[in-house]
Amino acid sequence: MSRGGNRTYIRDGRAPVPKSEVTSRVMSANKAKDTKPELVLRQALRQVGIPGYRKHWKKAPGRPDVAYPSRKVAVFVHGCFWHRCPKCNFPLPKSNTEWWKSKFEKNRELDARKTKALEEDGWKVFVIWECEIGANPTECALRIRAYADGTPQT
């Protein structure tokens, strides 16, 4: 049982037990869907005039964060830490380093498999980084709109 709440943490063996209860709580708070960057990007997409997306659409290979089925455009919002943003270049965690290296490599492999499956099915795939959304969500939405329309943005 955590000290700060009524949640019981169930260890399923997928991750090493953190050395700190604080680390455990912080990592448990991370979400896979509807993260803040996704919410901000979706709001920006509506503001620039391209609503009509599907969230985590099950019918698209890889279940993209945002999908425009009629245009066959898939958007993945990658968290800089989890997907290893080349711009942010986060250091590896200091404990359980080998486990984290393996985890990040598996994330990259999964990203590549999702992209390949979508492209083989005729989809255009757009990856946007958390830091890009944080810096300018409207610019990100405009880039996606241009990409979806097939017009390169200057």
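Bear in mind these aren't lab numbers, they're just calculated from the coordinates by the rules spelled out. Computed from a predicted model, the values in this text were never measured in an experiment. Neighbour counts are summed over all protein chains in view; Cβ atoms, including those assigned to glycine, are modelled from backbone coordinates with ideal geometry.
Give me THR35, THR97 ranked fewest to most by other Cβ atoms within 10 Å of their Cβ, as a rough exposure proxy.
Starting with the residue having the fewest Cβ neighbours, the order is THR97, THR35.
Hey, which of these cross-link pairs are over 22 Å Cα-Cα: LYS36/LYS59; LYS36/LYS124; LYS36/LYS72; LYS58/LYS114; LYS55/LYS124?
Cα-Cα > 22 Å for LYS36/LYS59; LYS36/LYS124; LYS36/LYS72; rest within.
Among GLU139, GLU109, GLU130, what is the fewest-to-most ranking by other Cβ atoms within 10 Å?
Result, fewest neighbours first: GLU109, GLU139, GLU130.
Using alpha carbon centroids, what distance separates region 100-154 and region 57-97, in Å?
7 Å
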